[in-house]
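Undergrad: Below is the structure I would like to discuss, written out as structure tokens.
Derivation of every value follows stated rules applied to the coordinates shown; laboratory data play no part. Owing to the predicted nature of the structure, the values given are computational and were not obtained by experimental measurement. FYI the Cβ positions are ideal-geometry reconstructions off the backbone, even for glycines, and counts take in every protein chain you see.
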Amino acid sequence: QQEELRCIGCGSVIQTTDQQGLGYTPQSALERGLASGELYCQRCFRLRHYNEIAPVALTDDDFLKLLNQIRDAQALIVYVVDIFDFNGSLIPGLHRFVGDNPVLLVGNKEDLLPRSLRRSKLTDWLRQQANQAGIRPVGTTLVSAKKNHQIEALLDQIEQLRGDRDVYVVGVTNVGKSTLINQIIKQRTGVQDLITTSRFPGTTLDKIEIPLDDGHQLVDTPGIIHQEQMAHVLPAEDLRLVAPQKEIKPKTYQLNDQQTIFLGGLGRFDYLKGPRAGIVAYFDNNLPLHRTKLANADQFYDRHIGELLTPPRTDQLAQLPPLVRYEFKTTVKSDLVFEGLGWITVPKGVTVAVWAPKGVAVLLRPAMI
Ligand code: GDP
């Protein structure tokens, strides 16, 4: 008998005899865990490796079958978006495949936005953005899966809204769906063998099922890959820039026209026309921004890309697609979004140019903040 060995994940006393009980660990895993100094019970071990069992690659054909099955199901659709990258979180055609099923919109990563920003205002903004995309959610909620903010409230809301239905959780990759599901599972301790995987019939896609109290399931669907995210052109070492982990500290600049701001070497903002104005940049705190004169900007880029203007580094330059220029004129206070990387807020009545790597979407939207 092992006395008082505890799981470093949940604190349960480790035991090797009762497979359904708390703290169960197979004998072989116990030995491995002791040897490595990281002893987890089987459930926590699975939680930790959840990301690895969640499938990612989808073929279009499989994907369509999956969507059809969701449309034909009687389900509450929990649609997880990343509020730091709302546009990159949109699932094309979602409103078509949900059919008559209600949608609960969950804005994750609320911890990234400044504390000072009223959450009710943010929720309104999120709802408006969803409406514009053709989605009419029955509820809109902000959470932080990572910080465990509002997860309990979300679970209550899901219980209320689902009635007598299954729950399907959908989202594109990187919105934090796995982190959210892990939190949900953690809140539901004591349930035996929490995770089961099975296939969506007729596809090669795994779904992960979490039993609910009344015999229904919470189903985690495979993450859907969004093509135009900055993540696709970033060197692997720099992916942290598109999944910030800390509250964003906005950077404010008083700009005259004919001034430029570089976002490392990944993007560029030119203030072309308008009065002296305050503009605010919302990017990961580790992305170095540089201001220069527009007249010098091309030269500045050529001279400093890979060094002062980084990422990318010099040895990664070949991987980065060339920057493409887009011009915008604002009629209201607006955000210029570099999809996945962040945004710059500008006042109304200005003309700007925005540059992003080819293949990365750039767009103008009414200001979030
Ligand atoms: P998935 O692809 O949708 O399953 O996303 P993951 O759960 O793997 O998370 C993607 C990235 O977002 C990881 O770097 C997470 O640490 C991060 N992340 C997830 N949830 C949150 C959150 O609530 N806040 C913040 N700041 N980051 C989060």
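Undergrad: What is the antiparallel percent of DSSP beta bridges lying wholly in the stretch 54-220, to the nearest 5?
TA: Around 35 percent of the beta bridges assigned by DSSP in the stretch 54-220 are antiparallel ones.
Undergrad: A further question follows. Roughly how tilted is helix 60-72, in degrees to the nearest 10 and between 0 and 90, from the longest Cα axis of the chain?
TA: The answer is roughly 70 degrees.
Undergrad: Where is the GNM fluctuation largest for the chain (alpha-carbon springs, 10 angstrom cutoff): Thr203, Thr179, Thr17?
TA: Thr17
Undergrad: Would you calculate the separation in nanometres between label points at Asn131 and Lys273, each defined as 7 Å from the Cα along the Cα-to-beta-carbon direction?
TA: Between Asn131 and Lys273, the label points sit 3.2 nm apart.
Undergrad: Given that compact globular proteins tend to follow 2.2 N^0.38 Å, what is the ratio of the alpha-carbon Rg of the chain to that value?
TA: That ratio works out to 1.11.
Undergrad: Relative to the longest principal Cα axis of the chain, at what angle does helix 294-304 sit, 0 to 90 degrees, rounded to 10?
TA: Rounded to the nearest ten degrees, it is 50.
Undergrad: Here's something else I'd like to know. Between Asn296 and Phe63, how many nm apart are label points set 7 Å from Cα along the C-beta direction?
TA: With each label placed 7 Å out from Cα toward Cβ, I get 4.4 nm.
Undergrad: Using DSSP, restrict attention to beta bridges with both residues in the chain and report what percent are antiparallel, rounded to the nearest 5. If you can, show how the numbers build up before the last one.
TA: Details: 51 of 72 bridges.
Antiparallel: roughly 70 percent of the beta bridges in the chain.
Undergrad: Further question on the same structure: Any chance you could count the Lys pairs in the stretch 232-366 whose alpha carbons are under 12 Å apart, treating pairs 8 or more apart or on different chains as valid?
TA: 4
Undergrad: Counting other Cβ atoms within 10 Å, which GluC sites (Glu not before Pro) in the stretch 252-339 have at most 16 and lie in a DSSP loop?
TA: Glu307
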